[in-house]
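Contents: one structure, followed by commentary.
The values are calculated or read from the model by the stated rules, or taken from the named source; none is laboratory data. Just so we're clear, the structure is a prediction, and the values are computed from it rather than from any experiment. Here the Cβ is made from the backbone with ideal geometry for all residues, glycine too, and neighbour counts use every protein chain on show. Ligands, DNA and RNA are stripped out before the accessible areas are found, and what is left, the full protein with its side chains, is counted by its heavy atoms. Shrake-Rupley method; radii C 1.70, N 1.55, O 1.52, S 1.80 Å.
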Amino acid sequence: MIEASLRARGPYSLRLSTRHGSDATRIVRDGALRAVFEAGGRLEVAEARQRSDGTLSVRASSEAAVERLRFTLGLEDDHSDFLRRFARDPLLGATIARLRGLRPLRCATVTQALLRALCGQLITAQRARAIERRIVRAATPARDGLHAPPTPATLGRFSPAELRSLGLGGPRASALVRLCRSLELERLRDVSTDAAARRLVREPRIGPWSIGVICIEGLGRYERGLVGDLGLVKLLSRMRGRRVEGWETQELLEPYAEWAGLASVYMLSGFHQGLVPVPQRLAA
């Protein structure tokens, strides 16, 4: 077992960043994140806790697991520029002041982010995570109660009918199988965000919201926002005093340019915590 001390570049809070972060591959408990990663053909375990001085105490099976955990937590991606630029933003200012150490927790594989995006289309987050857990547990081996992150090979061996039996809707199940069998998903991290988005959007079940999820949680990029997210639809509806369509939420994110993805995360977190200044309900 390896023990290491890591420090994030820029402000970072493990507590804020791992809130609601448990899934089939990792668990957040008692202030620590424990996760399983595949490295060198083996399942490796890594665990992180944050000390009072801000450093992270990491225990892992190997150096490879340490690096996988570093990416999952986003420790190298300093978002200080985002915090400075939008500290006085009318929508995000209060959220940034309260949650400045927040960074999106990433999936260990692009494949898992794709699965998460397809599971989460137009249903509640709780139900989507339940479907995702069911599929990952059916697809991958386990170590110490946690399952390996899915890959194109582990998900591509399912038929759409088998995925439907696990809860993933028909067209989305077919899309997942097609992409896992036809595209080297993990290599999308080696190309630009625009190139990855252009390739993924060829699949009719992959729209702007799904691209945002894959970019933020799979690629570790912040340029694409969560356009059409149900939380953002509720937020914009209150701001405008009427029901809005998902595509209209693009206007919420345009001012944040290359930080649109991170702005989405902060906006949703702030909205859920009452930090975004909007009416409590739609006008009658």
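Here is how the numbers come out for the structure above:
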{"read-out": "FRET efficiency, 1/(1 + (r/R0)^6) with R0 30 Å, evaluated for residue 137 and residue 63 via beta carbons", "value": "0.60"}
{"read-out": "Cα shape, the range 96-219, gyration tensor, a/c 1.5 rule", "value": "rounded"}
{"read-out": "Cα centroid of the range 235-284 to Cα centroid of the range 43-77, whole Å", "value": "32"}
{"read-out": "Read-out mean projected area of the Cα convex hull in nm², derived from the coordinates shown; its label in (i) 18.4; (ii) 14.1; (iii) 14.8", "value": "(iii)"}
{"read-out": "Per-pair calculated FRET efficiency, R0 = 22 Å: residue 76 and residue 178 via Cβ, rounded to 0.05", "value": "0.10"}
{"read-out": "Contact order relative to length of the chain, as percent, for alpha carbon pairs under 8 angstrom and 6 or more apart", "value": "17"}
{"read-out": "Solvent-accessible area per residue for the chain (1.4 angstrom probe, square angstrom)", "value": "47"}
{"read-out": "Fully extended contour minus Cα-Cα distance, from residue 29 to residue 97, at 0.36 nm per residue", "value": "21.9 nm"}
{"read-out": "Gain on full stretching of the segment that runs from residue 243 to residue 122 - 0.36 nm per residue minus C-alpha separation", "value": "42.0 nm"}
{"read-out": "Nitroxide proxy distance, nm - points 7 Å out along Cα→Cβ at residue 1 and residue 20", "value": "3.2"}
{"read-out": "Apportionment of accessible area to carbon and sulfur, the chain, percent (1.4 Å)", "value": "49"}
{"read-out": "Mean residue ellipticity (222 nm) of the chain, computed from DSSP H runs ≥ 4 via -39,500 (n - 2.57), nearest 500", "value": "-11500 deg cm²/dmol"}
